[in-house]
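Q: Got a structure here, written out as structure tokens. Questions coming.
The values are calculated or read from the model by the stated rules, or taken from the named source; none is laboratory data. Everything numeric here is computed off the predicted structure, so don't read it as measured data. Here Cβ is always computed from backbone atoms with ideal geometry, including for glycine, and neighbour counts include all displayed protein chains. SASA here: full protein model, heavy atoms, side chains in, ligands and nucleic acids out. Shrake-Rupley method; radii C 1.70, N 1.55, O 1.52, S 1.80 Å.
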Amino acid sequence: MTLARRISKPVQVGSVTVGGGAPVVVQSMTNTDTRDAAATVRQIKELEEAGCEIVRVAVPDAEAAAALPAIKRGISIPLVADIHFDYRLALASIRAGVDGLRLNPGNIGGAERVRAVALAAKERQVPIRIGLNAGSLPKTETPGLSVAQRMVESALGEIKLLESLDFDLIKVSLKAFDVPTTIAAYAEIAARIPYPLHIGITEAGPPRTGLVRSSVGLGTLLYMGIGDTIRVSLTAHPREEVFAAFEILKSLDLRQHGPVLVSCPTCGRTEVDIIGLAEAVEKELHRISKPVKVAVMGCAVNGPGEAKDADVGIACGKGRGILFKKGEKIGVVEEKDFLTALMREVERL
Ligand code: SF4
């Protein structure tokens, strides 16, 4: 089943198209000190390897802005500068050759400054993401609005400001920690603007809780056809955000990226360490880029049948396991060879 997606205006972020029916783009943000260009480039290379397609770096001061050209030279994916309050940092980032900005025009200090940034961005065709977070909304004139409505109202105000300067290279995000608030805000804005939406759940937490929160929120939005680019915010190495984003997109058949691992939950029939094996296989699969489905099952009774749509799999019993391809047995392996034999078959595919 193919999900219907909201039609949005395409916006170019360097070489990557966001919106306009393009595949949902996966992005992340570095947590290195941007002033340390070498460390930031190193981390971005790790993110590129994980499949990250756009990367954002914080630009908190002039020294960070000064590091942007070196960062840009060292990486292959589009670079977005995250700016708060200081329009001079936005201008410096544009001059440094960034591919996108994330800022809120309303908080960079007045009409003239917004105009200067919009002009410079337009000249270099650098898009601006208006990024509203529920925790830092400006005061509203309209009484009685919910948080989601306030987010939408603020975003519409920011958009109007840029449009009044004839600037339309716009993306929008409306992130909250609260999932229903996030969904309500995105659903409302999706119907009211043509621009592509960057979706995320903010401050989602460490992996265990953050993954669930992000998957529920982002999964619901994507299922509704909303979202042109996605960031999973986790209190973890940003590489984990990229893996998680792809898993969410893969689970909705919106993207194909690397292998899918199927593994059984284990039960009273399990006689070997399936949890350990599945974890080891998952780790090994990180270096594989082909979109293959791999199964690790805990018994020969139900295993091959339950995972018959897997390209390759193993059903493990005490001391021995059955290797299978598309549900058909192709060999028997000793327990000590479970991992290597399975990975050998994956490589062969
Ligand atoms: S595959 Fe076998 S061991 Fe795994 S949950 Fe199913 S019945 Fe239990």
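Q: For Pro265, only one of the following conditions fails: (1) buried (at least 18 other Cβ atoms within 10 Å of the Cβ); (2) in a loop (DSSP other than H, G, I, E, B). What is its number?
A: It is condition (1) that Pro265 fails.
Q: Let me ask something additional. Please state which one of Lys139, Lys122 is of a type outside the set (Gly, Ala, Ser), open to solvent by 40 Å² or more (accessible area, probe 1.4 Å) and modelled with pLDDT of 95 or more. Lay out the reasoning, then the answer.
A: Values: Lys139 fails: modelled with pLDDT of 95 or more.
After ruling out the rest, the residue left standing is Lys122.
Q: Would you confirm, using the coordinates I've provided, whether Pro127 is of a type outside the set (Val, Ile, Thr) and open to solvent by less than 20 Å² (accessible area, probe 1.4 Å)?
A: Numbers: of a type outside the set (Val, Ile, Thr): yes; open to solvent by less than 20 Å² (accessible area, probe 1.4 Å): yes.
When the stated conditions are applied, Pro127 passes them.
For (1) free of Cβ contacts under 8 Å to residues at least 40 places away in the same chain; (2) under 19 Å from the mean Cα position of the chain (by Cα); (3) within 16 Å of the ligand (Cβ to nearest atom), each residue gets a yes or a no:
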site	(1), (2), (3)
Ile248	yes, yes, no
Arg255	no, yes, no
Gly258	no, yes, no
Ser263	yes, no, yes
Arg269	yes, no, yes
Glu282	yes, no, no
Lys308	yes, no, yes
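Q: Going by the structure shown, is Ala244 touching a residue at least 24 places away in the same chain (Cβ under 8 Å), open to solvent by less than 50 Å² (accessible area, probe 1.4 Å) and more than 13 Å from the chain's Cα centre (by Cα)? Walk me through it before giving the result.
A: On the way: touching a residue at least 24 places away in the same chain (Cβ under 8 Å): yes; open to solvent by less than 50 Å² (accessible area, probe 1.4 Å): yes; more than 13 Å from the chain's Cα centre (by Cα): no.
In short, no.
Q: Would you mind telling me which numbered condition in (1) within 11 Å of the ligand (Cβ to nearest atom); (2) among the hydrophobic types (A, V, I, L, M, F, W, C); (3) crowded, with 20+ Cβ neighbours inside 10 Å Val301 fails?
A: For Val301, the failing item is (3).
Q: Something else now. Could you say whether any residue in segment 287-295 is within 16 Å of the ligand (Cβ to nearest atom) and either among the charged types (D, E, K, R) or open to solvent by 10 Å² or more (accessible area, probe 1.4 Å) (or both)? Write out each step before concluding.
A: Of segment 287-295, the ones within 16 Å of the ligand (Cβ to nearest atom) are 293-295.
Checking the rest, the ones that are also either among the charged types (D, E, K, R) or open to solvent by 10 Å² or more (accessible area, probe 1.4 Å) (or both) come to 293.
Yes - at least one qualifying residue is present in segment 287-295.
Q: Here's another thing I want to ask about it. Cβ-Cβ distance below 6 Å, separation of 6 or more or different chains: which pairs start in segment 337-348 with a residue that is of a type in the set (Phe, Trp, Tyr) and end on one that is open to solvent by 10 Å² or more (accessible area, probe 1.4 Å)?
A: Correct list of pairs: Phe338/Leu277.
Q: Then there is this: Take segment 314-349 and flag every residue that is within 16 Å of the ligand (Cβ to nearest atom), over 17 Å from Asp273 (Cβ atoms) and not hydrophobic (A, V, I, L, M, F, W, C).
A: Within segment 314-349, Gly327, Lys329 qualify.
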